[in-house]
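The values are calculated or read from the model by the stated rules, or taken from the named source; none is laboratory data. Everything numeric in this text was worked out from a predicted model, so none of it was measured. Heads up, the Cβs are rebuilt from the backbone with ideal geometry, glycines too, and the neighbour counts pull from every protein chain shown.
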Amino acid sequence: MKGILRKWLNRTNVGDRLLDEEEWSKEVEALYSLAANFYGADKLVLKASKLEALTLMRSEDLVERIAGLRKIVMDDPTIQEFPKIQDIPKIIDEIEDQMAELIARRSIEERLERVVSEKMQERHEDYVKEIKIQVLQETAGPENAQTLKKLAILEKMNTVSLNRSAAEVLRPQTVEEIIGQESAVQALLAKLATPYPQHILIYGPPGVGKTSAARVALETVKSHANSPFAQGAPFIEVDGTTLRWDPRDVTNPLMGSVHDPIYQGSKRDLADTGVPEPKMGLVSDAHGGILFIDEIGDMDPLLLNKLLKVLEDKRVTFDSSYYDPSDPQVPQWIKKLFDEGAPADFVLIGATTRDPMELNPALRSRCSEVFFIPLEPKDIQHIIRQAALKLEVALEDNVPEIISEYVIEGRKANSILTDAYGLARYRSSSPEAVKITCADVQEVLRSARLTPYVFRKAQPGAEIGRILGLGVAGFLGSVLEIEAIAFPSEDEKGTVRFNETAGSMARDAVFNATAVIRELTGENLRNYDVHVNVVGGARIDGPSAGLATTLAIYSALKQIPLRQDVAITGEISIQGKVKPVGGIYEKIFGAKQADVRKVIIPLDNMVDVPQSLRGIEVVGVNTVNDAIKQVFSTDPKVYLS
């Protein structure tokens, strides 16, 4: 910078030689001009005034002007002495060096300021851009071209409808439409239409109206004076087989869960502050109403235990290691859920196709139990005619009767009718009048490969060595055809044969029967070859075929015909007594399905026969002799059709 100034001032190297006053004056004027350019004219005057150099700067004397310039450039007001003539070159050099340093510093500062300004401008533009984006998001929301396109697709899909499903149309809407379950529905209503409604377990085969009955029962009791249910009481329905949960309670749709901040489920504003978010479950959704769990016997045992705890407390509690009650960032509703829990005061109705003994005893102890029964043919026929009215379709004679031979549940009956309705619609040339014919139903039955529910039917008349027994599987009873034949044998080498597929308990019943027959008749069965057969290879899991087996063998030995319109159940002891057995109601139902006129049961089981039973005679016996009087008759009219 010093060389530049020298060149700019057109200065020559004089060494120790002194320049004349005119040359020094020109150089000083040039330095003053440079200072004025550096500081600015006004600021130069102010600076000179502060440094007490203004008078010196305006002086005509060269030495004073140099002294003033020295004060200004050096920024030192304490310099009082004037330079000597021989020192002027040295002082000028100092002034030039200082000026060069000031100008260099100013140049660097300006460059830095320019860079800083550019950076600030860039940051400012980015900041403004972010603000614009935020404003657009706040005004336009989360939508963009892609989300709006997907919304349009959904809206278009919502405009397309295939009308309601047949199941929705045919679903019972009132208590009166629940056919064949009058006593069960009455019991259900009685347990709900009270100031103290009870939790309920509904047992029964599939498709007999358990879910529909629970739904319409709630709607019915809402208007009852003693009912605690409000008009807006919810009916929450869930399938127990599909309920899944995480033991950490990250996911639990039934009980509710907690989404900790480390999981994606938490809201962003809560996750950023580290606040866990509780999610209420179905038990809270059902608050004030009914929680209906279908197939409750298939629920996870641990989840069921959690449900039982909620039934006791009527609240659901939440817990999280991330919850800090003293954290001021926790919203009040979250704090309330963690501190007090979520309300869950509801009535539980569980439905199952399982046997009561298969269910959790703790669950059964908390619930009243209602049993739905299989539907009789007349009930199926009523359901078919009722469905035909809803579908606005005519039925050919015998259509309800044909369908009732193949099903025992209303849902399946409606399914067959709906298929036949579709077939009739397809074949009909008229869009208005449609009639379902027997041929339509038969074609549906063939395509579905259905077979009649009852294979064995009771017959009028009598037959030697053949009798109808009764069995039960789950909630369904059935008729077993048991036959016996006896051939004389020599030298007491006779044997008793029995088909092993029926099971060990049925084989034991045969051996008990031989002992009882010897006691009754005095005949030694070693003198006979006796063969007992359960037609169809049916398996007998209990001792209830003992009485029927005894009577079949007795008939074969004595050659006395047995009535073929009678069905028998009961365990036989070796003393000839008839012991009680289980499944009486289901067995009677199976007998009615097979057109049996009379059912013989143990006398101790008469308490299990419903008082409302109609259309079949039930007789209780205490001994084998009592049973013989019922199935063997000397009246010839019995054996004639």
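Just a few scattered comments:
- Any hit, the stretch 433-442, residues being at pLDDT below 85 and on the phi < 0 side of the Ramachandran plot: yes
- Taken over the stretch 363-378, the criterion of being touching a residue at least 40 places away in the same chain (Cβ under 8 Å), of a type outside the set (Lys, Arg) and outside any loop (DSSP other than H, G, I, E, B) is satisfied by LEU363, SER368, GLU369, VAL370, PHE371, PRO377.
- Count - residues of the stretch 46-75 that are part of a helix (DSSP H, G or I) and either out of contact with any Pro (no Cβ under 8 Å at 6 or more places or on another chain) or over 16 Å from ILE91 (Cα atoms) (or both): 17
- Among (1) surrounded by fewer than 20 Cβ atoms within 10 Å (Cβ to Cβ); (2) modelled with pLDDT of 85 or more; (3) in the same structural domain as THR569 (by TED's automatic domain parsing); (4) of a type in the set (Gly, Ala, Ser), the one test that GLY422 misses: (3)
- Of the residues contained in the stretch 183-201, one or more are found to be of a type in the set (A, V, I, L, M, F, W, C), under 25 Å from the mean Cα position of the chain (by Cα), closer than 13 Å to PHE372 by Cα and buried (at least 19 other Cβ atoms within 10 Å of the Cβ).
Yes/no per residue for (1) under 42 Å from the mean Cα position of the chain (by Cα); (2) outside any helix (DSSP H, G or I); (3) among the hydroxyl-bearing types (Ser, Thr, Tyr):
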{"residue": "LEU562", "(1), (2), (3)": "no, yes, no"}
{"residue": "GLN575", "(1), (2), (3)": "no, yes, no"}
{"residue": "LYS592", "(1), (2), (3)": "yes, no, no"}
{"residue": "MET606", "(1), (2), (3)": "no, no, no"}
{"residue": "VAL618", "(1), (2), (3)": "no, yes, no"}
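- Hits in the stretch 68-90 - residues which are surrounded by 17 or more Cβ atoms within 10 Å (Cβ to Cβ), among the β-branched types (Val, Ile, Thr) and farther than 20 Å from VAL45 by Cα: ILE88
- Qualifying residue in the stretch 549-560 (condition: more than 48 Å from the chain's Cα centre (by Cα), more than 23 Å from PRO356 (Cα to Cα) and in a loop (DSSP other than H, G, I, E, B)): yes
- Of all residues in the stretch 365-420, those satisfying the criterion of being closer than 30 Å to ILE349 by Cα and of a type in the set (S, T, N, Q) are SER365, SER368, GLN381, GLN386, SER404, ASN414, SER415, THR418.
- For the stretch 190-210, the set of residues classified as outside any loop (DSSP other than H, G, I, E, B), under 21 Å from ASP379 (Cα atoms) and not aromatic (Phe, Trp, Tyr) consists of ILE202, LYS210, listed by residue number.
- Inside the stretch 315-362, residues that are assigned to a loop (DSSP other than H, G, I, E, B) and over 21 Å from GLY288 (Cα atoms) make up a count of 18.
- Every residue from the stretch 379-412 that is part of a loop (DSSP other than H, G, I, E, B) and touching a Cys at 6+ places or on another chain (Cβ under 7 Å): GLU396, ASN398
- Lone unmet requirement of (1) over 30 Å from ALA184 (Cα atoms); (2) under 40 Å from the mean Cα position of the chain (by Cα); (3) small (Gly, Ala, Ser) for ALA462: (2)
- Condition met for VAL316 (more than 28 Å from LEU188 (Cα to Cα) and in contact with a helix residue (DSSP H, G or I) (Cβ under 9 Å, 6 or more places away or on another chain)): no
- Residues that are of a type in the set (A, V, I, L, M) and in contact (Cβ under 8 Å) with a residue 60 or more places away in the chain were ranked within the stretch 381-406; the one that is farthest from PRO172 (Cα to Cα) is LEU391.
- Close contacts from the stretch 227-241, counting a first residue that is in the same structural domain as LEU291 (by TED's automatic domain parsing) and a second that is part of a strand (DSSP E or B), with Cβ to Cβ under 6 Å and a gap of 6+ residues or different chains, come to PHE235/ILE290; ILE236/LEU291; GLU237/PHE292; VAL238/ILE293; ASP239/ASP294; GLY240/ILE293.
- Counting only residues that are at pLDDT 75 or above, part of a loop (DSSP other than H, G, I, E, B) and out of contact with any Phe, Trp or Tyr (no Cβ under 8 Å at 6 or more places or on another chain), the stretch 491-510 holds 2 of them.
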